[in-house]
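> Below is a structure I'd like to ask you about.
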Amino acid sequence: MIKLTINGVERSVDADPDTPLLWVLRDEIGLTGTKFGCGVALCGACTVHMDGAAVRSCQTPISAVGDSAIVTIEGLVGQGAGKEGLAVQAAWRALDVVQCGYCQSGQMMSAAALLTENKTPTDEDIDAAMGGNVCRCATYQRIRAAIHDAARRLEA
């Protein structure tokens, strides 16, 4: 049994230590907001926070998690969500960012991690932080605008 802290709740899972965190989240725990995209950490659909940093869960074995706190999209915008997650969620809704929505949980996780570290990101900061997140619907301009909007919400 491996103990993990996910969205503030300690969980025990019976899985091989090499199992990617993504599959434990989705298949063992039932948190399906984190998506499988490419499986090689290039698209960002599987992004979660590990101790506040954005990581690709498809390439993070559960043995690498250790005592780190994992936050998924359910924890970012659900009950008990932090101010960055709530600001990102509000901005995403206000600016109608989502088109198909598949990549958006990863996009939002990366955006919240950026805003945790940088409260007033420039376009260049946003592009650098979001560069590993692919949106097949190409809503990049709306994503950037939403991150700026979330930053303003946090400032207010």
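> Give, as a single signed number, the net charge of other residues whose beta carbon lies under 13 Å from the beta carbon of Cys43, with Lys and Arg counted +1 and Asp and Glu -1.
My count for the surroundings of Cys43 gives +3.
> Spin-label point model (7 Å from Cα, Cβ direction): what's the Ala90 to Met1 distance in nm?
Simple spin-label model gives 4.1 nm for this pair.
> Where does each of Arg153, Arg136 land when they are ranked from fewest to most other beta-carbon atoms within 10 angstrom?
Lowest count first: Arg136, Arg153.
> If you don't mind, there's one more thing I want to ask. Under 29 Å Cα to Cα from Lys119, which lysines show up? Leave out anything in the same chain fewer than 8 places away.
Lys35, Lys83
> Would you compute, from DSSP H runs of 4+ residues alone, the mean residue ellipticity of the chain at 222 nm, taking -39500 (n - 2.57) per run and dividing by the full residue count, rounded to the nearest 500? Spell out each step's value before the answer.
Details: 5 runs with 55 residues, N = 156.
Mean residue ellipticity, 222 nm, calculated: -10500 deg cm²/dmol.
> Could you please state, rounded to a whole Å, how far the C-alpha centre of the range 30-78 is from the C-alpha centre of the range 81-156?
Here the two parts' Cα centres lie 17 Å apart.
> Would you mind counting up the charge near Met1? Only other residues with Cβ under 14 Å from its Cβ, with Lys and Arg at +1 and Asp and Glu at -1.
-2
> Starting from the Cα-Cα distance between Asp27 and Thr120, subtract it from 0.36 nm times their residue separation and give me the gain in nm to one decimal. All intermediate terms of the calculation are to be shown ahead of the outcome.
Working: separation 93, 0.36 × 93 = 33.48 nm, distance 3.68 nm.
Between Asp27 and Thr120, full extension yields an extra 29.8 nm.
> Treat the count of other C-beta atoms within 10 Å as a stand-in for reagent exposure and order Thr120, Thr60, Thr32 from fewest to most.
Numbers: Thr120 11, Thr60 20, Thr32 14.
The fewest-first ordering by Cβ neighbours comes to Thr120, Thr32, Thr60.
> Can you tally the net charge around Val13? Count Lys and Arg as +1, Asp and Glu as -1, for every other residue whose Cβ sits under 14 Å from the Cβ of Val13.
Local net charge: -3.
Rule-based calculations on the coordinates, nothing more; no lab input. None of the values given here were measured: they were computed from a predicted structure. No Cβ is skipped: glycine too gets one built from the backbone with ideal geometry, and neighbour counts run over all protein chains shown.
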